[in-house]
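Q: Quick one: this structure, given as structure tokens, is what I'll be asking you about.
The values are calculated or read from the model by the stated rules, or taken from the named source; none is laboratory data. These figures come from a predicted structure and were not determined experimentally. Heavy atoms of the whole protein, side chains included, go into the accessibility calculation; ligands, DNA and RNA do not. Shrake-Rupley method; radii C 1.70, N 1.55, O 1.52, S 1.80 Å.
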Amino acid sequence: QVQLVESGGGLVQPGGSLRLSCVASGFTFRWYTMSWYRQAPGKERELVATIASAGGSTDSAESVKGRFTISRDNAKNTVYLQMNSLKPEDTARYYCNARQFNEYWGQGTQVTVSS
């Protein structure tokens with residue numbers, strides 16, 4: 001059974017940091033490109049950051065460049081999103097995505113940036 005389980009979301013003040021984690025199971029994690037997406041109320045889901053299967057190549061949305069960092073630990077079947085200098089506009093539900101031969105989604109974790 002494929003599972004992607006996100007954690008690490010919560011309420012944080014503007015300028016604060018959070019680290020999201022996504023633990024994968026049920027498929028060969030190291031073969032898959034992993035991404036974080038987010039969706040705010042009333043908006044479409046958008047790609048935040050992507051990391052290649054071997055972990056050497058990453059890309060991120062312009063809106064988060066210099067603030068968010070994606071990384072992965074293939075030994076732990078886990079992908080991370082380090083989020084620094086958070087802004088209210090980063091408020092959204094964040095989803096983990098795995099894509100290669102198939103595509104899988106997690107249930108998401110809520111991030112709220114507010115004073």
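Q: Would you list, by chain and number, the lysines whose Cα falls below 26 Å from the Cα of Lys76, excluding same-chain residues fewer than 8 positions away?
A: Lys65
Q: How much of the accessible area of the chain, in percent, comes from carbon and sulfur atoms when a 1.4 Å probe is used? Display every interim value, and only then the final one.
A: Values: 2730 of 6130 Å².
After summing per-atom areas, the C and S share lands at 45 percent.
Q: I've got another one for you. Distances longer than 18 Å among the Cα atoms of the range 28-115: what percent of all pairs is that?
A: Summing the P(r) tail past 18 Å for the range 28-115 gives 41 percent.
Q: How many Å² of accessible area per residue for the chain, probe 1.4 Å?
A: Ligands and nucleic acids excluded, the figure is 53 Å² per residue.
Q: Based on the alpha-carbon set only, what is the convex hull volume of the range 1-51 divided per residue, in Å³?
A: In the range 1-51, the Cα convex hull volume per residue is 116 Å³.
Q: Over the range 24-78, what portion of Cα pair distances is larger than 18 Å, expressed as a whole percent?
A: The answer is 38 percent, as a whole percent.
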